[in-house]
Amino acid sequence: MHPDLQKLYELQQMDLEAKRLRDEMIALPKLVAQLETKAKATVGQRAVVLDLIAKEETLRRRQESDVKDHQAKIAKIRKQLDLATDTKQVLAFEHEIAFAKGAIDKIEDAELESMERSEQLEAQKRVADQAVADAEAKHRQESERAAATLAADKLKLAEVEAKRTAQRATIDEDALSVYDRIAKAKGSGVAEALNQKCMACQMMQRPQRWNDLRARDNQEMMTCESCGRLLWYDPARDSPQRKPVEAESIAARIVRGL
């Protein structure tokens, strides 16, 4: 194995950890912002319910005022009725009283409907109150957790970056250039080779290439023929007793009906 390959594999672990930390530092504020938006949305939803409750209360106050107006009108008509001198006047006053009573009945029915709506809205308000409390608590908790995590991530990232800088200084420039080029294109530059497979793309390696990779005197930087990543081989993790698997020939596959 190329003398720098182990160093590159270790460098990649640092690169991946640095990326994880950066990604987390970007994701956490977004998560907190999403929770804040959700909390504001629940407040807005509750505000709609509160507005509807207020409108029902205003409606009932107006209805109560209308009932009082009709009752006052009835009282006034009754006084006039007491002074009526002929049947025509009596019938006219009684008709007005009946009309006013009918209006009162309709208003009181409407009041009952409004009270029923208010009861339903109050139930919705209790649900909305709980949703607001839960959303605000969640936002507060995640904000605190995010702040603590971000502070810790900054320290960890500084440590990882220092180790990366030191590690890169120990690696040959040509090997480092190859690694950087592949990592930029693939997201990672080194893949473990295990049991004749590239563990990044899961493709089998040709038997001869696998034997070359495992050869003790091999000092080359070998890449996966499928994904192009540098192959890092650790004998301690492989099964040396296993023979390389030959790729099945096309003729054999035809014979088997594949």
Region 10-68, residues that are open to solvent by 80 Å² or more (accessible area, probe 1.4 Å), closer than 30 Å to Arg168 by Cα and within 23 Å of the chain's Cα centre (by Cα): Lys19, Arg20, Arg22, Ile26
Failed criterion for Cys224 (all others in (1) modelled with pLDDT under 80; (2) surrounded by 14 or more Cβ atoms within 10 Å (Cβ to Cβ) hold): (1)
Output for region 184-203, where each listed residue is in a loop (DSSP other than H, G, I, E, B), open to solvent by less than 50 Å² (accessible area, probe 1.4 Å) and under 10 Å from Cys224 (Cβ atoms): Cys201
Within region 159-183, tally of residues that are touching a helix residue (DSSP H, G or I) at 6+ places or on another chain (Cβ under 8 Å), closer than 20 Å to His2 by Cβ and either open to solvent by less than 30 Å² (accessible area, probe 1.4 Å) or not charged (D, E, K, R) (or both): 7
Residues located in region 45-86, provided they are within 18 Å of Lys101 (Cα to Cα) and of a type in the set (Ser, Thr, Tyr): Ser65
Only one of Glu161, Glu113 that is modelled with pLDDT of 95 or more and closer than 30 Å to Arg61 by Cβ: Glu113
Output for region 69-86, where each listed residue is open to solvent by less than 100 Å² (accessible area, probe 1.4 Å) and either touching a residue at least 12 places away in the same chain (Cβ under 8 Å) or in a helix (DSSP H, G or I) (or both): Asp69, His70, Gln71, Ala72, Lys73, Ile74, Ala75, Ile77, Gln80, Leu81
Meets criteria (within 20 Å of the chain's Cα centre (by Cα) and either assigned to a helix (DSSP H, G or I) or closer than 30 Å to Leu81 by Cβ (or both)) for Lys154: no
Condition met for Glu142 (among the acidic types (Asp, Glu) and farther than 30 Å from Ile53 by Cβ): yes
Selected residue (only one of Leu31, Leu8 is under 30 Å from Glu144 (Cα atoms), aliphatic (A, V, I, L, M) and touching a helix residue (DSSP H, G or I) at 6+ places or on another chain (Cβ under 7 Å)): Leu31
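The values are calculated or read from the model by the stated rules, or taken from the named source; none is laboratory data. Note that the structure is a prediction, hence the values are computed from the model and not measured. Methodologically, a virtual Cβ is constructed for each residue, glycine included, from the backbone with ideal geometry; neighbour enumeration extends over all protein chains shown. Protein only, heavy atoms only, side chains kept; ligands, DNA and RNA dropped before computing areas. Shrake-Rupley method; radii C 1.70, N 1.55, O 1.52, S 1.80 Å.
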